[in-house]
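Below: the structure, in structure tokens.
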Amino acid sequence: MIKDIRQSETDHTEKHSLQNVPAKRGIRMRKLCAGVLTGLAALWPLHASAAHAAETGASKPLIVYFSHSGNTRAVAELIHKRVGGDLLELKTTHAYPSEYKATTEQAKKELNDNFRPQLANDIDNLDSYDVIFIGYPTWWGTMPMALFTFLEKHDLSGKTIVPFCTHGGSGFGRGKEDIARLCPNAKMLEGLSVRGSNAADAGDDVDEWLRDIGMSK
Ligand SMILES: Cc1cc2nc3c(=O)[nH]c(=O)nc-3n(C[C@H](O)[C@H](O)[C@H](O)COP(=O)(O)O)c2cc1C
């Protein structure tokens with residue numbers, strides 16, 4: 001007859017209850033250790049993000065971006081939902097046309113003229129952020145000139161820059177190189193580029209990317 005091991009253990013415990021006092025203590029100890037380990041495991045994500053914060057010296061992140069037709073704003077908001085911090089949508093004092101072709105012409109002229117648009121808004125406490133997400137729609141193979149204005153105005157030395165963009169097919173273009181040139185003493189993490197048409201549904205891509213670069217909460 002095959003003996004039920006569970007039954008046999010029960011029998012053993014019942015029959016030799018006095019002899020098993022140390023064994024019961026052992027079980028209690030094991031349960032206690034398991035509880036402590038479970039507690040530590042539950043704290044691990046917190047510990048990991050705290051370690052990351054310590055590594056980057058991070059406070060809350062800043063997400064600064066420009067968006068003309070809303071795609072980059074949609075990605076910025078997805079990031080914000082996940083990492084928290086502050087959002088700053090840069091605006092220029094001059095308007096861009098609502099019509100697509102007219103906007104491309106104005107943007108092309110600004111690029112060719114190496115124009116620096118005046119910003120209608122800005123931030124005066126950049127020092128309080130260690131991690132700065134920088135987002136833009138790719139315009140003529142790089143960032144809109146408003147981003148050049150912003151990055152030339154602020155010293156991002158020692159900051160961790162996390163670039164993201166939306167585009168119609170050419171990805172970041174030269175934008176990341178331009179950011180690196182304008183912020184030579186900043187550290188840049190791997191960025192995320194999203195097709196404009198996918199911007200609103202990019203939640204999973206944003207999740208995966210933030211995990212990969214260690215920015216998940
Ligand atoms: C002025 C202008 C220039 C553009 N140039 C490019 C480009 O060089 N490469 C590209 O892939 N997409 C280009 N696009 C498409 C935009 O990058 C894309 O639609 C983006 O998602 C728009 O983002 P937004 O809605 O945040 O403004 C251009 C769009 C505009 C309006």
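The values are calculated or read from the model by the stated rules, or taken from the named source; none is laboratory data. What you see is a predicted model; the values in this text were computed from it and never measured. A quick note on method: Cβ atoms are made from the backbone with ideal geometry, for glycine too, and the neighbour counts reach across all protein chains shown.
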Inside the stretch 107-136, can you point out the residues that are free of Cβ contacts under 8 Å to residues at least 40 places away in the same chain and within 30 Å of the chain's Cα centre (by Cα)? A107, L111, R116, P117, Q118, L119, A120, N121, D122, D124, N125, D127
Yes or no: the stretch 143-152 includes at least one residue that is loosely packed, with under 13 Cβ neighbours inside 10 Å, among the acidic types (D, E) and either under 17 Å from the mean Cα position of the chain (by Cα) or within 13 Å of the ligand (Cβ to nearest atom) (or both). no
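To keep it simple, each residue is scored yes or no on (1) in a loop (DSSP other than H, G, I, E, B); (2) not small (G, A, S); (3) not assigned by TED's automatic domain parsing to the domain that holds V206.
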position	(1), (2), (3)
H68	yes, yes, no
A74	no, no, no
H94	yes, yes, no
T104	no, yes, no
F115	yes, yes, no
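Just one of G158, G175 is under 21 Å from A202 (Cβ atoms), in contact (Cβ under 8 Å) with a residue 12 or more places away in the chain and of a type in the set (G, A, S); which is it?
Result of the check over G158, G175: G175.
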Just the residues that are exposed (fewer than 12 other Cβ atoms within 10 Å of the Cβ) and more than 23 Å from S216 (Cα to Cα), please, taken from the stretch 66-93. T93
If you check every pair at least six apart or on different chains, which have Cβ atoms under 8 Å apart with a residue in the stretch 82-106 that is on the phi > 0 side of the Ramachandran plot and more than 9 Å from the ligand (Cβ to nearest atom) first and a residue that is part of a loop (DSSP other than H, G, I, E, B) and not acidic (D, E) second? G84/K60; G84/P61; G84/K217; G85/K60; G85/P61; G85/Y129
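V162 - would you say it is near the ligand (Cβ under 9 Å from one of its atoms) and part of a strand (DSSP E or B)?
No, not satisfied.
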